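Inspection log for the structure reproduced underneath, given as structure tokens.
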Amino acid sequence: MKELAEAYKQELVQHITRNLLDIQILRLIRTQPMWGYMIKKQADTKFGVKLRHGALYPMLNALERKSFLTSQNERQGGRIRKVYTLTRKGEEYLNAYNSILKEQLEDKDVK
């Protein structure tokens with residue numbers, strides 16, 4: 001029974017990550033500023049989802065256009081990395097998501 005619950009957990013985390021990729025990216029960046037490759041590695045480690053460049057970078061650009069993220073080029077070891085940081089608006093968006101999710105988990109939306 002425990003193995004089944006663990007299998008469901010992994011399947012559900014991957015489902016949520018794929019379908020709410022923007023939220024998951026914002027959640028990752030909320031923990032610390034990150035660049036694309038770091039986001040890819042964290043998504044794989046934490047959610048078991050392998051992000052393709054073709055999905056990740058358009059999503060980061062869209063989140064930046066919505067002012068949920070800002071980016072800044074930083075030089076590290078002779079390379080320039082585009083580092084993303086969560087904005088106040090991005091934080092508010094995550095707070096709204098968490099509030100809605102909490103209501104759904106409490107079944108308030110179906111009573």
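Restricting the first residue to the stretch 71-100 and requiring it to be in contact (Cβ under 8 Å) with a residue 60 or more places away in the chain, which pairs with a second residue that is surrounded by 13 or more Cβ atoms within 10 Å (Cβ to Cβ) and part of a strand (DSSP E or B) meet a Cβ separation below 8 Å and a spacing of at least six or different chains?
LEU86/LEU69; GLY90/LEU69; LEU94/LEU86
Looking at (1) at pLDDT below 85; (2) aliphatic (A, V, I, L, M); (3) touching an Asp or Glu at 6+ places or on another chain (Cβ under 8 Å), which one does LEU12 not meet, given that it meets all the others?
With respect to (1) at pLDDT below 85; (2) aliphatic (A, V, I, L, M); (3) touching an Asp or Glu at 6+ places or on another chain (Cβ under 8 Å), LEU12 is out only on (3).
Take SER71 and tell me if it is of a type in the set (Ser, Thr, Tyr), surrounded by 13 or more Cβ atoms within 10 Å (Cβ to Cβ) and over 15 Å from the mean Cα position of the chain (by Cα).
So SER71 passes the test.
Within the stretch 1-13, can one find any residue that is small (Gly, Ala, Ser) and touching a helix residue (DSSP H, G or I) at 6+ places or on another chain (Cβ under 9 Å)?
no
Taking interchain pairs and intrachain pairs at least six residues apart, which have beta carbon atoms under 7 angstrom, with the first residue in the stretch 1-19 and farther than 17 Å from ASN98 by Cα and the second part of a helix (DSSP H, G or I) and of a type outside the set (D, E, K, R)?
GLN14/PHE47
Give the residues of the stretch 67-94 that are assigned to a loop (DSSP other than H, G, I, E, B) and more than 24 Å from GLN14 (Cα to Cα), sorted by residue number.
SER67, GLY77, GLY78, THR87
Restricting attention to the stretch 70-88, which residues are touching a strand residue (DSSP E or B) at 6+ places or on another chain (Cβ under 9 Å) and not polar (S, T, N, Q)?
GLU74, ARG75, ILE80, ARG81, LYS82, VAL83, TYR84, LEU86
Filter the stretch 19-66 down to the residues that are aliphatic (A, V, I, L, M) and not in a helix (DSSP H, G or I), then identify the one that is surrounded by the fewest Cβ atoms within 10 Å (Cβ to Cβ).
So, considering only residues that are aliphatic (A, V, I, L, M) and not in a helix (DSSP H, G or I), the one surrounded by the fewest Cβ atoms within 10 Å (Cβ to Cβ) is LEU20.
The values are calculated or read from the model by the stated rules, or taken from the named source; none is laboratory data. Quick caveat, the model's predicted, so the values are computed rather than measured. We place every Cβ from the backbone using ideal geometry, glycine too, and count neighbours over all the protein chains shown.
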